[in-house]
Structures are given as structure tokens and as C-alpha cells.
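Data first, discussion second: the structure below is written as C-alpha cells.
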Amino acid sequence: MKGQRVLLAGGTGGLGLGVTPEVVARGADVTIPYRSDGDLDRLKEKIGADAFSKINFVKLDLLDEGAVQQLVADMTRVDVLIHLVGGFAMGAIDEYEFSDWKKDFALNLHTTFLTCKACLAKMRQAGYGRIVTIGSRGAVEPGANLGAYCASKAGVVALTQTIAAETRGTDITANCVLPSIIDTPSNRDAMGEAEADKWVTPESLAQTICFLASAAAGDLRGAIVPVYGSV
């Protein structure tokens, strides 16, 4: 990925702590949008000051369409979009608040749409691009008490495959990675550590994500790649 200009949304999150170091190590020129200064501190501690200094950080809200469009416009090129932003909340459908449902769709699906939309326009101008999104095993195997999460992640899968169909015949690709439970501190806190050794690690996911983001993956379009660990 040497010399590639990468927009890495969610690069400071739990999954990002595994993906960001790998993308930087592969020589990419990385831009990361972020919201919390505390997230920057955590990433800096993880990757070290030298690697941290090579990243361009932009503070913004990924649900602000104008801000996202400006972020992309300010980049010379966007060779790669890696979109890691997401999160889940639990609750039975008949007890789930509509306000929470909308928040889940905003976080998981709307941020993906806005970043993909802005980057795709830039990629079409250049005639090249790689888009990698993050779905979930729940998108294809929905489970109880995760209705909003599974539905919104299924939307991410459909959006990614739609982009792949709309860019057929070009050197722009769109593919989606489906993790199972990711071994992050927040997931260990929420679910305990009894089976954490079976979960997929951010570092393992980073290998798949970086391949899909590379020129070598030009023949993969609309792929839904399961990375489930041992669960």
C-alpha cells in the first residue's frame, strides 16, 4: 500500500487499533477522521509517537454530510476507503425504542453511506479506488436481541454490493468483511472473557482488510468475506 492515500474511518476505535498500525506499516498515507481527543491518546499509546505523527487527523462528525464531503475534497486523492465505524446495542424488538433504532442505523449504515458516497465521486474522477466496509456475521445470521444491529449491518452489505454493481467495468472495487465477535476490550467488558480466545482479533481482520484494499484484489467485487475466528 506504499504511497496509497487512505481514508480510514474508525481508525481510532477498537478495530482500528488493529487495522491502523497495519495500514501505516504498509506505507500508506493515512487520513483518520475522529471525534474524541481521548481516542487519539489511546491510538498514540498503541502505535507509538513515530507512526502516530505520520497520520493526518481531522476532527469531525461523520453524520455531517457537508463535513464529510469537505474532508474528501481536501484530500489530493482517495485511493482507498476503509470504513470501520460501527457499534451495537441489545434489546428485544418489542421493547426497543425507535430512537435507539435510529441511532444504530445512523452509526452503522448512515456513516458508511456518507463516506462511500463522497469517496466514490473522487475515485470515479481518478479511475481507481478500493472500498472496504465492515458488516457483521449478524448481517447474514441474525440473532435474538440484536435486531437493529443485524438489520443495519445487512444494510451495509447491500450498500457495498450495490456500489460493486455500479462500478463494474472500472478499476474501483467494493467489498465487505464480516467479523464475528471481535476481541476488543469493550467486548470483553460486555460479554466476559470465557470464550474470548475464540473471537477474531483486530490484527487478523487487518490482514483481510488490507488485502481487499490493495491493487492485488482488483478481481474481487461485491465479495462478502467471513472472518469468524473459532466461534
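In segment 43-72, which residues are more than 13 Å from T20 (Cβ to Cβ) and touching a residue at least 24 places away in the same chain (Cβ under 8 Å)?
If the condition is that a residue be more than 13 Å from T20 (Cβ to Cβ) and touching a residue at least 24 places away in the same chain (Cβ under 8 Å), then V58, K59, L60, D61, L62, L63, E65, V68, Q69, L71, V72 are the ones that fit.
Hey, among A92, A9, which residue is small (G, A, S), in contact with a helix residue (DSSP H, G or I) (Cβ under 7 Å, 6 or more places away or on another chain), at pLDDT 95 or above and closer than 25 Å to V157 by Cα?
When all the criteria are applied, what remains is A9.
Within segment 89-106, does at least one residue satisfy the condition of being surrounded by 17 or more Cβ atoms within 10 Å (Cβ to Cβ), within 29 Å of G129 (Cβ to Cβ) and either small (G, A, S) or in contact with a Lys or Arg (Cβ under 6 Å, 6 or more places away or on another chain) (or both)?
For segment 89-106, residues surrounded by 17 or more Cβ atoms within 10 Å (Cβ to Cβ), within 29 Å of G129 (Cβ to Cβ) and either small (G, A, S) or in contact with a Lys or Arg (Cβ under 6 Å, 6 or more places away or on another chain) (or both): absent.
Answer yes or no as to whether Q125 is over 19 Å from the mean Cα position of the chain (by Cα) and either part of a helix (DSSP H, G or I) or under 29 Å from P142 (Cα atoms) (or both).
yes
Quick one: would you say L8 is in contact (Cβ under 8 Å) with a residue 12 or more places away in the chain and closer than 22 Å to C210 by Cβ?
When the stated conditions are applied, L8 passes them.
Please go through segment 180-203 and pick out each residue that is in contact (Cβ under 8 Å) with a residue 60 or more places away in the chain and in a helix (DSSP H, G or I).
Residues satisfying the conditions are P185, S186, N187, P202, E203.
If a residue has to be under 30 Å from E195 (Cβ atoms), out of contact with any Gly (no Cβ under 8 Å at 6 or more places or on another chain), in contact (Cβ under 8 Å) with a residue 24 or more places away in the chain and surrounded by 13 or more Cβ atoms within 10 Å (Cβ to Cβ) to count, how many in segment 211-231 make the cut?
Count: 8.
Which residue is farthest from the chain's Cα centre (by Cα), if the candidates are limited to segment 18-53 and must be acidic (D, E) and farther than 20 Å from F211 by Cα?
Of everything passing the filter in segment 18-53, D50 is farthest from the chain's Cα centre (by Cα).
State all residues of segment 54-90 that are more than 15 Å from the chain's Cα centre (by Cα) and assigned to a strand (DSSP E or B); if no residue qualifies, say none.
N56, F57, V58, K59
Taking into account only those residues within segment 83-125 that are among the acidic types (D, E) and touching a residue at least 40 places away in the same chain (Cβ under 8 Å), which is nearest to T173 (Cα to Cα)?
Among those that are among the acidic types (D, E) and touching a residue at least 40 places away in the same chain (Cβ under 8 Å), it is D104.
Residue under question is D50, and the condition is that it be in a helix (DSSP H, G or I) and surrounded by 14 or more Cβ atoms within 10 Å (Cβ to Cβ); does it hold?
In short, no.
Could you pull out the residue among L63, L81, L71 that is surrounded by 14 or more Cβ atoms within 10 Å (Cβ to Cβ) and closer than 26 Å to A148 by Cβ?
Answer to the check: L81.
List pairs: first in segment 126-146 and farther than 25 Å from V19 by Cα, second loosely packed, with under 14 Cβ neighbours inside 10 Å and hydroxyl-bearing (S, T, Y), Cβ under 8 Å, 6+ apart or cross-chain?
Final answer for the pair search is G127/T170.
Mind listing whichever residues of segment 203-221 are out of contact with any strand residue (DSSP E or B) (no Cβ under 6 Å at 6 or more places or on another chain) and not hydrophobic (A, V, I, L, M, F, W, C)?
Those that are out of contact with any strand residue (DSSP E or B) (no Cβ under 6 Å at 6 or more places or on another chain) and not hydrophobic (A, V, I, L, M, F, W, C): E203, S204, Q207, S214, G218, D219.
Of these, T115, T208, T133, T173, which one is modelled with pLDDT of 95 or more, crowded, with 23+ Cβ neighbours inside 10 Å and in a helix (DSSP H, G or I)?
After ruling out the rest, the residue left standing is T115.
If I ask for residues that are outside any helix (DSSP H, G or I) and either more than 20 Å from T184 (Cα to Cα) or in contact with a His (Cβ under 8 Å, 6 or more places away or on another chain) (or both), which ones from segment 21-47 would you list?
Scanning segment 21-47 gives R26, G27, A28, D29, V30, T31, P33.
The values are calculated or read from the model by the stated rules, or taken from the named source; none is laboratory data. Here the structure is a predicted model, which is why all the values come from computation and not from measurement. No Cβ is skipped: glycine too gets one built from the backbone with ideal geometry, and neighbour counts run over all protein chains shown.
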